[in-house]
Structure formats: C-alpha cells, structure tokens
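Scroll down for the structure; my scribbles are underneath it.
The values are calculated or read from the model by the stated rules, or taken from the named source; none is laboratory data. The structure presented is a predicted model; accordingly, all values stated were derived computationally and were not measured. Here the Cβ positions follow ideal geometry from the backbone for every residue, glycine too, while neighbour counts run over all protein chains shown.
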Amino acid sequence: MRLQAGCTLTFEAQAPTPLVLMLRPRSGTGQWMEREEYISKPNIPATEYTDSYGNLCQRLVVPTGHFEIRTEVIADTTDTSDVDEMAQYVPVENLPDSVLQFLLPSRYCESDRLGNLALDIVRNTSASGLPRTGYMQAETIRRWIYEKVQYRYNTSDASTSAVTTAEKRVGVCRDFSHLGIALCRSLNIPARMVVGYLYRLDPMDLHAWFEAFVGERWFTFDATQAVPRGNRIAVAYGRDAADVALATQFGPMQLTEMSVWVNEAQEAVVG
C-alpha cells in the first residue's frame with residue numbers, strides 16, 4: 001500500500017538551541033520512499049549526517065521563540081510483515097559484526113537481569129516436542145507481552161526500563177518494545193528498537209516496535225498488536241529509545257504540540 005505519513009512538531013525556545021532531528025525515513029526492506037517534504041518555520045539552515053545505525057539525522061540551531069517542523073513522505077509499503085516460524089537461532093559466533101552490538105544490555109534494556117523470566121516464557125515446546133528456537137522464541141516473547149502486559153497511557157516515563165515494565169506489567173509501545181528487546185537479548189537473540197509509522201494505529205501516534213535477528217535476517221515483532229501487521233514506515237533504528245529519539249535538544253526548549261498522520265495515499269494524476 002502507498003502511504004502518506006508525516007508529523008508536525010512545535011517548539012518554544014527560550015534561547016537559541018541546538019537540535020538534532022531524526023525524521024527522514026530511508027528506503028529499505030518493506031518500504032520505498034517515493035516523495036518527501038520537509039518544511040521548517042522559520043526556515044533555518046540544517047545539515048545532515050548518518051549515525052552509526054544508518055539513521056538520517058538533521059542538525060540545526062533553533063532561534064528563540066516559536067519553531068515548527070513539518071515532514072511528510074509518500075511511501076510504498078508491504079501489506080504484511082514477514083513470518084517464518086522455521087527461521088533458526090543464529091549462533092553468536094556466526095552473527096555479522098554489525099549485529100553483535102544488539103546482544104548487549106543497554107540503558108533501557110537490562111537483558112542481564114531478565115534471563116530467568118525469558119527462559120520461563122519460552123519453556124514450552126512445539127507440538128513435535130522440539131524446542132522453540134529462533135523465530136518462535138521471539139514470537140513467544142511477543143505474544144507473552146501482548147497477553148500479560150497492559151497497554152495504558154501515563155503509566156511510564158522517560159526513565160522506565162524493561163525491568164520496571166516486567167515488574168509492573170503496564171506501559172505503552174516504547175515499554176513493550178524495551179521488554180521484548182531485553183528478553184530476546186537475554187536468550188542471545190539480537191534485538192533492536194524501531195520507531196516509525198503504522199497505518200491504522202489507534203490512537204494515531206508515532207509508534208515503536210522491535211526486530212529480532214533470526215534466520216540470518218531481521219524480523220518485525222510488535223507486542224502491541226494481536227497479529228503481525230504490515231504497512232509500516234520505519235524511521236529510525238537503535239539499541240533502545242536513547243538511540244531513536246526523533247528530537248534531541250541541547251538547551252531550554254519545550255515541545256508544545258505534536259500531530260501525526262498515516263493515510264492511504266491517493267493515486268497521482270498524470271497529464
């Protein structure tokens with residue numbers, strides 16, 4: 001499906017403030033960027049770099065006062081998320097060098113403290129009696145979070161980590177993702193966080209999910225949804241929320257308003 005997705009962020013700066021934005025998705029697996037619009041008010045110069053995870057980052061200095069950034073893309077996305085119950089666990093010694101970092105504990109994903117819980121979650125075996133390894137371990141973790149953790153706003157904050165979510169069993173998409181990542185890593189399955197857009201998310205907002213590396217590739221897992229869903233636009237990847245903040249400010253500035261939209265794109269009229 002072709003999607004029209006974007007967001008508007010509004011800030012008030014008390015002084016000139018350096019700002020790093022991460023708002024431009026790249027074409028890649030499952031998504032092709034056909035068109036992009038990126039408008040700031042006031043119009044101020046920006047530079048761009050690619051971070052260590054491959055994300056496009058925009059640097060600018062916001063002047064004192066009102067500042068607004070609006071970005072929108074037209075993207076061709078896949079209608080389904082890939083599922084492969086036979087995708088196997090990849091031994092650590094065979095992992096690509098670039099994937100190894102997603103095995104380590106990180107600020108919000110204390111995988112070194114959740115090993116017992118992870119083993120308890122995946123203890124069940126398949127009908128054949130064979131262990132659920134690889135994809136099915138990650139899927140069992142996703143399903144457990146979906147069933148056991150309550151989705152509720154205003155129950156977590158910027159300091160909430162996977163361990164806290166495992167204890168309280170409540171949170172939002174960010175918390176669900178951190179928990180899924182930490183549980184996978186505790187089983188030596190590389191996992192990373194993704195933020196972006198999801199078509200027909202209710203209520204509409206920027207969204208977070210996680211990916212696990214099994215069967216020699218990354219697969220999508222979203223613990224907020226009952227079944228795998230496509231029509232996603234990934235904007236940024238990282239170890240956890242600290243790596244994928246869509247706006248990082250370095251001074252006295254407040255985000256005062258944010259709006260997000262994801263709609264089916266209308267066919268372009270030619271001629």
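Only one of (1) assigned to a helix (DSSP H, G or I); (2) under 25 Å from Ala226 (Cβ atoms); (3) not hydroxyl-bearing (Ser, Thr, Tyr) is not met by Val195, so which one is it?
That leaves (1) as the condition not met.
Give segment 145-184 a look and list any residue that's closer than 24 Å to Gln101 by Cα, of a type in the set (Val, Ile, Thr) and in a loop (DSSP other than H, G, I, E, B), or say none.
Thr160
Answer with yes or no whether Leu23 is within 12 Å of Ile233 (Cα to Cα) and outside any loop (DSSP other than H, G, I, E, B).
Numbers: within 12 Å of Ile233 (Cα to Cα): yes; outside any loop (DSSP other than H, G, I, E, B): yes.
Considered against the rule, which asks whether it is within 12 Å of Ile233 (Cα to Cα) and outside any loop (DSSP other than H, G, I, E, B), Leu23 comes out as yes.
I'd like the full set of residues that are at pLDDT 95 or above, of a type in the set (Asp, Glu), in a loop (DSSP other than H, G, I, E, B) and exposed (fewer than 12 other Cβ atoms within 10 Å of the Cβ), limited to segment 69-108.
Listed by number, the list holds a single entry, Asp79.
Which is assigned to a strand (DSSP E or B) and either at pLDDT 95 or above or charged (D, E, K, R) (or both), of Tyr53, Tyr49? Show your work before the answer.
Values: Tyr53 fails: assigned to a strand (DSSP E or B).
Selected residue: Tyr49, the only one of Tyr53, Tyr49 that is assigned to a strand (DSSP E or B) and either at pLDDT 95 or above or charged (D, E, K, R) (or both).
What do you reckon, is Ala5 surrounded by 17 or more Cβ atoms within 10 Å (Cβ to Cβ) and over 19 Å from Tyr197 (Cβ atoms)?
It is false that Ala5 is surrounded by 17 or more Cβ atoms within 10 Å (Cβ to Cβ) and over 19 Å from Tyr197 (Cβ atoms).
Take the conditions on the phi < 0 side of the Ramachandran plot and either surrounded by 11 or more Cβ atoms within 10 Å (Cβ to Cβ) or in contact with a helix residue (DSSP H, G or I) (Cβ under 7 Å, 6 or more places away or on another chain) (or both) and apply them to Gly115. Does it pass?
Here the answer is yes, as Gly115 does meet what is asked.
Show me the strands (runs of 3 or more DSSP E) entirely contained within segment 207-271 in which 3 or more residues are closer than 26 Å to Val61 by Cα.
It comes to 232-238, 247-249, 253-264.
Return only the number of the condition from (1) closer than 25 Å to Ala245 by Cβ; (2) at pLDDT 95 or above; (3) polar (S, T, N, Q) that Asn154 does not satisfy.
Of the numbered conditions (1) closer than 25 Å to Ala245 by Cβ; (2) at pLDDT 95 or above; (3) polar (S, T, N, Q), the odd one out for Asn154 is (2).
To keep it simple, each residue is scored yes or no on (1) farther than 17 Å from Ala247 by Cβ; (2) assigned by TED's automatic domain parsing to the domain that holds Glu139; (3) aliphatic (A, V, I, L, M).
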{"position": "Pro25", "(1), (2), (3)": "no, no, no"}
{"position": "Thr29", "(1), (2), (3)": "yes, no, no"}
{"position": "Glu36", "(1), (2), (3)": "yes, no, no"}
{"position": "Tyr53", "(1), (2), (3)": "no, no, no"}
{"position": "Thr64", "(1), (2), (3)": "yes, no, no"}
{"position": "Glu68", "(1), (2), (3)": "no, no, no"}
{"position": "Ala87", "(1), (2), (3)": "yes, no, yes"}
{"position": "Gln101", "(1), (2), (3)": "yes, yes, no"}
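Out of (1) buried (at least 16 other Cβ atoms within 10 Å of the Cβ); (2) touching an Asp or Glu at 6+ places or on another chain (Cβ under 7 Å), what's the single condition that is false for Leu60?
(2)
Somewhere in segment 198-206, is a residue of a type in the set (D, E, K, R), over 17 Å from the mean Cα position of the chain (by Cα) and surrounded by fewer than 24 Cβ atoms within 10 Å (Cβ to Cβ)?
No, segment 198-206 contains no residue that is of a type in the set (D, E, K, R), over 17 Å from the mean Cα position of the chain (by Cα) and surrounded by fewer than 24 Cβ atoms within 10 Å (Cβ to Cβ).
Select from segment 118-138 the residues that are among the hydroxyl-bearing types (Ser, Thr, Tyr) and surrounded by 11 or more Cβ atoms within 10 Å (Cβ to Cβ) and write down the one among them that is modelled with the highest pLDDT.
My answer is Tyr135.
Name the residues in segment 30-71 that are charged (D, E, K, R) and within 18 Å of the chain's Cα centre (by Cα), would you?
Of everything in segment 30-71, just one residue is charged (D, E, K, R) and within 18 Å of the chain's Cα centre (by Cα), namely Asp51.
Among the numbered criteria (1) within 19 Å of Ser186 (Cβ to Cβ); (2) without any contact (Cβ under 8 Å) to a residue 60 or more places away in the chain, which one does Ile145 miss?
Tallying (1) within 19 Å of Ser186 (Cβ to Cβ); (2) without any contact (Cβ under 8 Å) to a residue 60 or more places away in the chain, Ile145 fails exactly one: (2).
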